[in-house]
Amino acid sequence: MKRHCVALFIGVVVLLTPTPFILTADSKMQDHSESAPVNGFVPDEKTAIEIARAVLRPLFGEERIKNAKQFYATLHDKKIWVVEDAPPSRRRWANPIVTVQIDRERGCILRVSGE
């Protein structure tokens, strides 16, 4: 009886212990290729900018994101939206302060950088 109680206790502890997991941009929980839109989950620059603003809000605060004059989205290699606060013409002499990279097909946030 004592052996069964110990085994049962260990089994319950294992089941109730939260198991940490890490989900990266390359991880796949399910294959959504059949249900994905033809142009991906982020089909245009307007959608990419809205997603970038949503990602940046908790990092930099609502006021700073509202006060940002404009964000610009550029599609690189037909795969990755790069959203920045600097227009493409300004990048030669001024670096963007914030950058968000978003996978066009899956909508995953690949990278966030900023000051």
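The values are calculated or read from the model by the stated rules, or taken from the named source; none is laboratory data. In this text the structure is predicted, and so the values were computed from the model without any measurement. Note that we place each Cβ from the backbone using ideal geometry, even for glycine, and neighbour counts take in every protein chain shown.
Whether a residue is assigned to a loop (DSSP other than H, G, I, E, B), modelled with pLDDT of 85 or more and among the β-branched types (Val, Ile, Thr) was assessed, and Val38 passes this test.
Only residues that are in contact (Cβ under 8 Å) with a residue 40 or more places away in the chain, among the aromatic types (Phe, Trp, Tyr) and either surrounded by fewer than 10 Cβ atoms within 10 Å (Cβ to Cβ) or farther than 14 Å from Arg106 by Cα (or both) were counted in the range 30-79, giving 1. Condition check: farther than 16 Å from Asn39 by Cβ and modelled with pLDDT of 95 or more. Does Ile80 satisfy that? Here the answer is no, as Ile80 does not meet what is asked. Does Leu110 satisfy being of a type in the set (A, V, I, L, M), at pLDDT 85 or above and in a strand (DSSP E or B)? Yes. For the range 88-107, a tally of residues being more than 21 Å from Pro43 (Cα to Cα) and at pLDDT 75 or above returns 2.
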